[in-house]
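Notes for the one structure printed next.
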Amino acid sequence: MLEKQICMVCQQKRNNGLRILNNYICDACEKEIVECDSRQILYGYFVWKLRALIDTDKEQELHGS
């Protein structure tokens, strides 16, 4: 059995999901992101979380982490 990981979107420990730039997104959040319409309030939250993921990766590149 896989070790549960904390989802960067919902902050819940889950078994299944995907890893993007050393971060984990659970299956449930992935599905919500894919199905979210850009006119929904939740869309802005998803964009904010994904931008944070990219910014963290850029920061790590700059500092050699």
Proxy exposure order for Lys13, Lys49 (fewest C-beta within 10 Å first) is Lys13, Lys49
Using the Karplus curve 6.51 cos²θ - 1.76 cosθ + 1.60 with θ = phi - 60°, what ³J(HN,Hα) values do you get for each residue of the range 26-40, in whole Hz, with x for Gly and Pro? 6, 4, 5, 5, 4, 4, 4, 4, 5, 8, 6, 8, 5, 8, 7
If you stretched the chain out fully between Lys31 and Tyr43, how much longer would it get, using 0.36 nm times the residue separation minus the C-alpha to C-alpha distance? 3.1 nm
Footprinting exposure proxy for Asp55, Asp27, Asp37 (fewest neighbouring C-beta atoms within 10 Å first): Asp37, Asp55, Asp27
What are the ³J(HN,Hα) couplings of the range 15-22, residue after residue, when phi is run through the Karplus curve with 6.51, -1.76, 1.60 and θ = phi - 60°? Round to Hz, x for glycine and proline. 8, 10, x, 10, 9, 10, 6, 6
List every residue whose amide H lies under 5 Å from the amide H of Val9, counting only residues 5 or more places away in sequence or on a different chain, with H placed 1.01 Å from N in the peptide plane. Cys26
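Bear in mind that the values in this text are calculations on the coordinates, not laboratory data. Source: prediction; values computed, not measured. Heads up, the Cβs are rebuilt from the backbone with ideal geometry, glycines too, and the neighbour counts pull from every protein chain shown.
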